[in-house]
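Please read the structure below before turning to the comments.
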Amino acid sequence: MRYAIYFTPSQDEPLARIAANWLGRDPFGAATRPVEAVGDLSAAEVAFHTASARRYGFHATLKAPFRLAPNETEASLRAALDAFAEATPAVTIPRLVVSQIDGFFALVPEAPLPALNRFADDVVLGFDRFRAPLTEAEIERRSPDSLKPAEFRNLCQWGYPYVFETFRFHMTLSGRAASQESPRLRAAIDSLFAGVLLRPVSVDALTLFVETEPGAPFMVLSHHALGRRPARKTA
């Protein structure tokens, strides 16, 4: 079993609903749903391009998937999330835009947001005691030979290459797309998300996801509102 600390909008927010329809799965407990054709992409093409993102659900990674440290429990992790959330204010992203990162499409902030990066840093630091060290096999799955030196150091020290100076907030919408496929995929994503991306996005909660067994879909376990409000539990 692995846990992950992500940001994802509340289940009933328009951005979350549109993303769940696009990916074909709602991580808040709903069953996998059939994807639909979007723009010039057939339903089969949408399903193909979203397959790798579907298992994780719509999210931005803050603390990447980890096994619990031997001296910690799910209850202690959830209690720490409650305490952290109560003491931490929300961060507003004025606008998300569609971007392509290393071949895959994602939603990213339109401009750098130091407050958002500091928030992400605090999550990495604050919850590292709950993370069991990576095994050699887990390190190898990250293809360490392909990582830059800073990314490899982060992987070894923090369990994930893309933290602190290498962090980039992103909410993944697809797997890697070949150059000849990218324009049609980009057009479909733009057409589907254009309206909802006109609104600011409030990073107003930490969401605990769980992978119950290797390869299982990640599901929401609990949703912890930021800023001295009680946590909203979903399971």
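Readers should treat all values here as calculations from the given coordinates under stated rules, not as data from a laboratory. Bear in mind the structure is a predicted one, so any value in this text is a computation, not a measurement. Using ideal geometry, Cβ is built from the backbone for each residue, glycine included, and neighbour counts are taken over all protein chains shown.
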Item to check | Label point distance in nm, A79-E36, each placed 7 Å from Cα along Cα→Cβ | outcome: 4.6 nm
Next on the checklist: Given contacts defined as C-alpha pairs under 8 Å and at least six residues apart, what's the relative contact order of segment 68-165, whole-number percent?
Outcome noted: 25 percent
Next on the checklist: With +1 assigned to the C-beta of every Lys and Arg and -1 to the C-beta of every Asp and Glu, and no other charges, what is the dipole magnitude of segment 67-215 about the Cα centre in debye, to the nearest 20?
Outcome noted: 440 debye
Checklist entry - Which order do peptides 15-22, 100-107 fall in by mean Cβ count within 10 Å, highest first? => result 15-22, 100-107
Item to check | Degrees, to the nearest 10: 149-158 long Cα axis against longest axis of the chain | outcome: 50 degrees
Checklist outcome for this item: With -39,500 (n - 2.57) per DSSP H segment of 4 or more residues and division by the full residue count of the chain, the 222 nm estimate, nearest 500 deg cm²/dmol, is -10000 deg cm²/dmol
Checklist entry - Stretched out fully, how many nm does the piece from T166 to D122 gain, at 0.36 nm a residue minus the Cα gap? => result 14.4 nm
Checklist entry - Do you know the relative contact order of the chain, to the nearest whole percent, from alpha carbon pairs under 8 angstrom that are 6+ apart? => result 33 percent
Checklist entry - Hey, what angle do you get for helix 114-126 against the long axis of the chain, alpha-carbon based, 0 to 90 degrees rounded to 10? => result 50 degrees
Checklist entry - Label points 7 Å out from Cα along the Cβ direction at T135 and Q180: separation in nm? => result 4.0 nm
Next on the checklist: If you fit an axis through the alpha-carbon atoms of helix 43-54 and take the longest principal axis of the Cα set of the chain, what angle between them do you get, 0 to 90°, nearest 10?
Outcome noted: 10 degrees
Checklist entry - Can you give me the Cα centroid spacing of segment 1-53 and segment 75-132 in angstrom? => result 20 Å
Checklist entry - log10 I(q)/I(0), Debye, Cα-only segment 2-117, no solvent, q = 0.10, 0.21, 0.22, 0.23 Å⁻¹? => result -0.39, -1.37, -1.43, -1.47
Checklist outcome for this item: A student applying the Cα gyration tensor rule (rounded when a/c is under 1.5; otherwise prolate if a/b is larger than b/c, oblate if not) would label segment 146-235 oblate
